[in-house]
Amino acid sequence: MATLAPDVLQGRGALPAGRDTRVVVLSGAGISAESGLPTFRGDGGLWEGMRPEEVATPEAFRRDPALVWRFYEARRRALDAAVPNAAHRALVDLERALTPGSFALITQNVDDLHQRAGSQTVFPMHGELRKVRCTACGAFEERREELPALPTCDCGAVLRPHVVWFGETPLFLDRITPLLRRAQVFLVVGTSGHVYPAAGFIFEARAAGAWTVGVNVEEAEADWAYDAFHLGKAGSVLPELVRGWLKALLVIEMQEALRPHDGVTRGEATPGGAS
Ligand SMILES: [Zn+2]
């Protein structure tokens, strides 16, 4: 399997190496699929014989809110059984190794697996399955319990899932754009780049000078936009990739610590390494 060795970090100067490197991650359905959550894309991605495009729309909700809620309640219950996998955990390791404020995770996933794994800076751009939003007063809150067939707000109006439906504008775009513009590393995991605007993020980050890395079970749509691409399951590729990066960071820090500073040559290393 391809590992990002220290020479990738140091050679070519491609990847700025330091704990204050600004890393932005975009994750997609592939990372959740490895936790057993259905992606509803590709072959067989049907729910009760319907394509998600027929259920996850404002029109479908206006027509038959109870049907749409049945779809989401099933997904909410599936979430209870799913647990974060090694890929989710690797992103937590990466965030913890970097200086606070250097890491941001944009996810297209509506599950809470990144948050449950321990990721701190998460932008769920397509909303969150655990939350509900009022169709009248706009109030939203987390509701983990099983919901009635047609849940209502305290104000009396019908609640909807706090997710972004087909034809609606994703969340956090005002926060995401500046992140992409200042990213030094842009890592795309578990998404092949079919759904816009997320599919366009790599071009924005790349145009701003970021070093781009992809991890997915299938080739990227825009493969030319990647400086490095690792074909494989996120759960096996990503932990190795992150371990390689963190090891390389340590090597660089060690070299930095041993380098003479300000023209002053340090004393001879004490035999045995102790001083
Ligand atoms: Zn309300």
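Read the figures in this text as sums done on the coordinates, not as results from a lab. The shown structure was predicted, so the numbers you read here are calculated from the model rather than taken from an experiment. Ideal geometry is used to build each Cβ from the backbone, glycine not excepted, and the neighbour counts take in all protein chains shown.
Normalised radius of gyration (Cα atoms, divided by 2.2 N^0.38 Å) for region 192-262: 1.44.
Screening the chain for whole DSSP H helices with an alpha carbon extent of at least 18 angstrom along the helix axis and a mean Kyte-Doolittle hydropathy of at least 0.5 yields 234-258. Contact order, relative form, for the chain: 24 percent (alpha carbon pairs under 8 Å, 6 or more residues apart, mean separation divided by residue count). Note on the chain: antiparallel DSSP beta bridges, both residues inside, total approximately 30 percent of the bridges counted.
Per-residue ellipticity at 222 nm, computed for the chain from helices alone with -39500 (n - 2.57) per DSSP H run of at least four residues, works out to -10000 deg cm²/dmol.
Quick one: order Ser119, Ser32, Ser236 by neighbouring beta-carbon count within 10 Å, fewest to most.
Ser236, Ser119, Ser32
Can you tell me the relative contact order of region 117-164? Whole percent, Cα pairs under 8 Å, sequence separation 6 or more. Numbers along the way, then the final one.
Working: 61 pairs, mean separation 20.8, N = 48.
Averaging sequence separation for qualifying contacts and normalising by length gives 43 percent for region 117-164.
Pairwise alpha-carbon distances in region 95-158 exceed 15 Å for 61% of all pairs. Once C-alpha pairs closer than 8 Å and six or more residues apart are averaged by separation and normalised to the residue number of region 74-212, the relative contact order reads 17 percent. This model, with +1 at the C-beta of Lys and Arg and -1 at the C-beta of Asp and Glu, gives the chain a dipole about its Cα centre of some 360 debye. When the Cα atoms of the chain are aligned to their principal axes, the ranges along those axes come out at 78, 38, 32 Å in descending order. Residue order for Lys233, Lys247, fewest other beta carbons within 10 angstrom first, comes to Lys247, Lys233.
Stretching the chain fully between Ala78 and Thr177 yields a gain of 32.5 nm (0.36 nm per residue, less the alpha carbon separation).
The slack in the chain from Arg62 to Gln255, taken as 0.36 nm per residue of separation less the alpha-carbon distance, amounts to 63.3 nm. Shown for Arg116, Arg76: other C-beta atoms within 10 Å of each C-beta, ranked fewest to most, produce the order Arg116, Arg76.
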